[in-house]
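Remarks on the structure that follows.
The values are calculated or read from the model by the stated rules, or taken from the named source; none is laboratory data. Just so it is clear, the structure is predicted and the values come from calculations on it, not from any experiment. As a convention, Cβ positions derive from the backbone with ideal geometry for all residues, glycine included, and neighbour counts pool all protein chains shown.
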């Protein structure tokens, strides 16, 4: 394994709700190396959303140390974290979060719009590359309302790829999709994994864990399982076995 | 910060909501157009009044007999007989700041010529009268010093008189008209001046030597008043003072006694008119300014709605690396774009409306460059001011909450 992309040391996160203190994370520690495909699973209330927010630098831990690509995040200001997100992280959301009335290419360009080092031609070129990488080379000028759910999620993945991030964070990325499309997206994630991308996939769906290289299971703010998947299934093979009539 | 990109983002956001952006702009458009039109109208009125006054003769000083008390009863000033021929002659001889001076005495009655007649009045004046009042002779000539000395029965008439007494001929020179049994030979016709701003016909005029009017028609030794003109407008005050000193001496008034005459200069009239029209302009500008303010509040309202409606978009932008300041700048640019575009359209609309009023309705309008610049500046300021709070609200959103917002 290569160097660590993510290192968590005894991460705790408390929320104060009224008079009570809710302990969402109670000392979580793990490290993720470059090129891993990690599934973080857990039921609702297990703290996986809180963990995702911390991993994505949207939130900071109450205590503990978080290093993203070797950079300590905890002491950073809001705008420093914004810049860090811009350069190091690609988000993929359950509900795609594409900009309305905006073309696929423009949606993918969005993260680069906030990077002053990248000019408009470079931005366009990289957006096109990312769209080709997710198989949407013929959908670049389609607006978000002219695409299917699977296509929209591909655009969102392309958007997560375009800044060449250290880690891709997927939050229930297949949650809104039908089974066939879900496997298409999983195939895409596996392809990206083979190309050497680091992917963290947060989900409550245990099936996904069969297709990732490592699984972390959370319950009540603790890690209850952290295991390497010895038998990674191919999403492509599963996809072939799916009945065709589910196709739209 | 990358301004070009933020500008592009804002432009895109606005173009995604064209109708709303336009309706928001409408408030500003109407406000700016109103400000420009109202100020142009006010200034136009002011200038046309100023021109009217300077057409009457900008340095004119008018002396009238003052009201007096007789046994506690305040008398009508026109009844007073305090301005005498010798007063006039003293003024004429002694005043140094005057370019011209002329008394006037008016006799009313019916003018008759052949079987035409017309009710008017004859004004007895000195020869300076036409220069003081900025009249000019179109045809024939003005009467002379000799005519005044001899109380000659001659007159100079205006266009209205010509039209009414000589409907059939173009050339009334040399014809004789009768006024209250006194025959007057027409020796000149005045150039037409039209109506003045008070709606008075300035061509309904018959001028005769003041001696003729006073001796032959009225049989009096006092004037209705004296007109004079200062050498320049700046000397009006000095000339007024000079006239006052001489008249007080002539009337043997002691120190502390009130003047028994009144001196009015066009300067006063012009100042008064200026004040009135400035007040009018300010009033109009205030009303228009309020509509601009309402337009600004419209922007704020829409920007607030927009921030709420686009909460999720803001969350996404933050998650892909937009800083608070980027979001804030984006919304500020949107607000300023709306207000400035609205401002430009408003300026064009306002100027067009002014032109339309000028050429179609013939209203006096004068577009002031300063009002255009002012309203444009105000627009930008309004955009920033009313865009500030919604933009700050957007920038302060928590990305986690914003992303989860439904």
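Quick one: in segment A:100-122, which of the residues that are assigned to a helix (DSSP H, G or I) and more than 9 Å from chain B (Cβ to nearest Cβ) is surrounded by the most Cβ atoms within 10 Å (Cβ to Cβ)?
A:108
Scan segment B:186-211 residue by residue and report those that are closer than 18 Å to residue B:108 by Cα and either in contact with a helix residue (DSSP H, G or I) (Cβ under 8 Å, 6 or more places away or on another chain) or in a loop (DSSP other than H, G, I, E, B) (or both).
B:200, B:201, B:202, B:203, B:204, B:205, B:206, B:207, B:209, B:210, B:211
Being modelled with pLDDT of 90 or more and more than 23 Å from residue A:43 (Cβ to Cβ), is that true of even one residue in segment A:198-213?
Within segment A:198-213, one or more residues are modelled with pLDDT of 90 or more and more than 23 Å from residue A:43 (Cβ to Cβ).
Being touching a helix residue (DSSP H, G or I) at 6+ places or on another chain (Cβ under 7 Å), within 14 Å of chain B (Cβ to nearest Cβ) and more than 30 Å from residue A:113 (Cα to Cα): is that true of residue A:24 here?
Working: touching a helix residue (DSSP H, G or I) at 6+ places or on another chain (Cβ under 7 Å): yes; within 14 Å of chain B (Cβ to nearest Cβ): yes; more than 30 Å from residue A:113 (Cα to Cα): yes.
Here the answer is yes, as residue A:24 does meet what is asked.
Residue under question is residue A:48, and the condition is that it be touching a residue at least 24 places away in the same chain (Cβ under 8 Å) and within 12 Å of chain B (Cβ to nearest Cβ); does it hold?
Values: touching a residue at least 24 places away in the same chain (Cβ under 8 Å): yes; within 12 Å of chain B (Cβ to nearest Cβ): no.
Against the criterion (touching a residue at least 24 places away in the same chain (Cβ under 8 Å) and within 12 Å of chain B (Cβ to nearest Cβ)), residue A:48 does not qualify.
Since residue B:183 meets every condition but one in (1) assigned to a helix (DSSP H, G or I); (2) without any contact (Cβ under 8 Å) to a residue 60 or more places away in the chain; (3) touching a strand residue (DSSP E or B) at 6+ places or on another chain (Cβ under 8 Å), which condition does it not meet?
Residue B:183 satisfies every listed condition except (1).
If you go through segment A:147-163 one residue at a time, do you hit one that is buried (at least 21 other Cβ atoms within 10 Å of the Cβ), at negative phi and in a loop (DSSP other than H, G, I, E, B)?
yes
Over 27 Å from residue B:221 (Cα atoms) and surrounded by 14 or more Cβ atoms within 10 Å (Cβ to Cβ) - does that describe any residue in segment B:144-159?
yes
What number of residues within segment B:216-234 satisfy the criterion of being surrounded by fewer than 15 Cβ atoms within 10 Å (Cβ to Cβ) and outside any loop (DSSP other than H, G, I, E, B)?
Result for segment B:216-234: 1.
So which residues in segment B:137-155 are in contact with a strand residue (DSSP E or B) (Cβ under 7 Å, 6 or more places away or on another chain) and part of a loop (DSSP other than H, G, I, E, B)?
B:141, B:142, B:143, B:151, B:152, B:153
Can you find, within segment A:54-86, the residue that is nearest to the other protein chains (Cβ to nearest Cβ) among those that are part of a helix (DSSP H, G or I) and crowded, with 20+ Cβ neighbours inside 10 Å?
A:86
Considering each of A:135, A:90 in turn, give the residue that is over 19 Å from residue A:198 (Cα atoms), in contact with a helix residue (DSSP H, G or I) (Cβ under 8 Å, 6 or more places away or on another chain) and modelled with pLDDT of 90 or more.
Details: A:90 fails: over 19 Å from residue A:198 (Cα atoms).
One residue alone meets the criteria, A:135.
Test each condition in (1) more than 17 Å from residue B:62 (Cα to Cα); (2) without any contact (Cβ under 8 Å) to a residue 40 or more places away in the chain; (3) surrounded by 13 or more Cβ atoms within 10 Å (Cβ to Cβ) for residue B:268 and report the one that comes out false.
All conditions are met except number (1).
Considering only segment B:41-63, state which residues are modelled with pLDDT of 85 or more and more than 11 Å from the chain's Cα centre (by Cα).
Of everything in segment B:41-63, those that are modelled with pLDDT of 85 or more and more than 11 Å from the chain's Cα centre (by Cα) turn out to be B:61, B:62, B:63.
Looking at segment B:156-173, can you tell me whether even one residue there is assigned to a strand (DSSP E or B) and in contact with a strand residue (DSSP E or B) (Cβ under 6 Å, 6 or more places away or on another chain)?
Looking through segment B:156-173, at least one residue is assigned to a strand (DSSP E or B) and in contact with a strand residue (DSSP E or B) (Cβ under 6 Å, 6 or more places away or on another chain).
Please go through segment A:2-45 and pick out each residue that is more than 20 Å from residue A:65 (Cβ to Cβ) and outside any strand (DSSP E or B).
A:2, A:18, A:19, A:35, A:42, A:43, A:44, A:45, listed by residue number.
Taking only pairs six or more apart or across chains, which ones have beta-carbon atoms under 8 Å, a first residue in segment B:286-313 that is exposed (fewer than 15 other Cβ atoms within 10 Å of the Cβ), and a second residue that is modelled with pLDDT under 85 and part of a helix (DSSP H, G or I)?
none
Restricting attention to segment B:89-126, which residues are surrounded by fewer than 19 Cβ atoms within 10 Å (Cβ to Cβ) and in a strand (DSSP E or B)?
Within segment B:89-126, B:99, B:106, B:108, B:109, B:110, B:112, B:116, B:117, B:118, B:119, B:121 meet the criteria.
Looking at segment B:307-332, which of its residues are out of contact with any helix residue (DSSP H, G or I) (no Cβ under 7 Å at 6 or more places or on another chain) and more than 10 Å from chain A (Cβ to nearest Cβ)?
Hits for segment B:307-332 are B:308, B:309.
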